[in-house]
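See below for the structure under consideration.
The values are calculated or read from the model by the stated rules, or taken from the named source; none is laboratory data. The model shown is predicted, which means the values in this text are computed figures rather than measured ones. When we count neighbours, we look across all protein chains shown, and the Cβ atoms used for this are built from the backbone with ideal geometry, even at glycine. Each accessible area value is taken on the protein alone, full model and side chains, heavy atoms only, with ligands, DNA and RNA left out. Shrake-Rupley method; radii C 1.70, N 1.55, O 1.52, S 1.80 Å.
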Amino acid sequence: PPAASASSAASSPPAGGGWNAEDLARRKQEVCGELLRSATCCPTHSPLRRYVEQMVRRARAVCDGGWAPLVLRPLAALTAECEAEAASLQPPEGDAALRRAIVERLEAHAQTVAPGSRLRVFGSSSCGLNAAGADLDLTLETPRAMGHTDKVQLVDGLAMILGSRSGWEGVEGVARGRVPIVK
């Protein structure tokens with residue numbers, strides 16, 4: 001029989017009246033594939049993503065046991081849940097422009113401490129995959145190699161400038177790690 005969509009096959013076996021081994025194998029692949037596609041719209045560490053992955057494991061186990069119709073019923077609701085979760089995580093309109101403005105402002109401040117340096121964005125913001133309210137990961141490339149002591153002084157100086165000139169509160173240099181940072 002022709003392959004049915006996940007929603008149309010949810011409550012009825014294939015034409016002919018029963019689920020044979022070939023039908024079950026095909027439906028298992030279809031259902032697990034659909035669940036995995038739904039999972040891709042959820043963030044990696046999201047509870048919803050973990051739920052979808054758990055559903056995939058259950059779907060495989062249930063299909064192996066011959067209970068394919070029971071697996072198919074939550075698929076539409078799960079897909080809608082994943083889409084709603086993904087939509088809620090999208091940054092607001094203008095977020096990318098605001099992030100670019102912040103980077104430009106920070107780079108101007110960095111020039112006073114390390115002339116010729118360049119601020120580079122990395123992480124989720126660099127490729128537009130940041131969620132609403134995500135942090136902004138930056139690294140400062142200097143024109144010359146620096147030892148740890150020089151890096152600590154640079155971070156402390158940058159933190160002082162950002163705290164006093166930028167209007168941002170709670171800016172601090174953290175020099176105790178292997179890589180000194182400003183947060």
Exercise. Using only Cα atoms, what Kirkwood radius does region 87-183 have, in angstroms?
Worked result: 14.4
Exercise. Using a 1.4 Å probe, how large is the accessible area of Leu140, given in Å² and rounded to the nearest 10?
Worked result: 50
For this session: Kindly identify region 97-142 as rounded, prolate or oblate by the Cα gyration tensor criterion: order the square roots of the eigenvalues as a ≥ b ≥ c, call it rounded if a/c is under 1.5, otherwise compare a/b with b/c, prolate if a/b is larger, else oblate.
Result: prolate
Exercise. Based on the mean of other beta carbon atoms within 10 Å per residue, what is the order of 120-127, 157-164, most packed first?
Worked result: 157-164, 120-127
For this session: Evaluate the distance, in nm, between pseudo-label points positioned 7 Å from the Cα of Ala101 and of Ala134 along their respective Cα→Cβ axes.
Result: 2.1
For this session: Net charge near Ala132: determine it from the other residues with C-beta under 13 Å of the C-beta of Ala132, scoring Lys and Arg +1 and Asp and Glu -1.
Result: -3
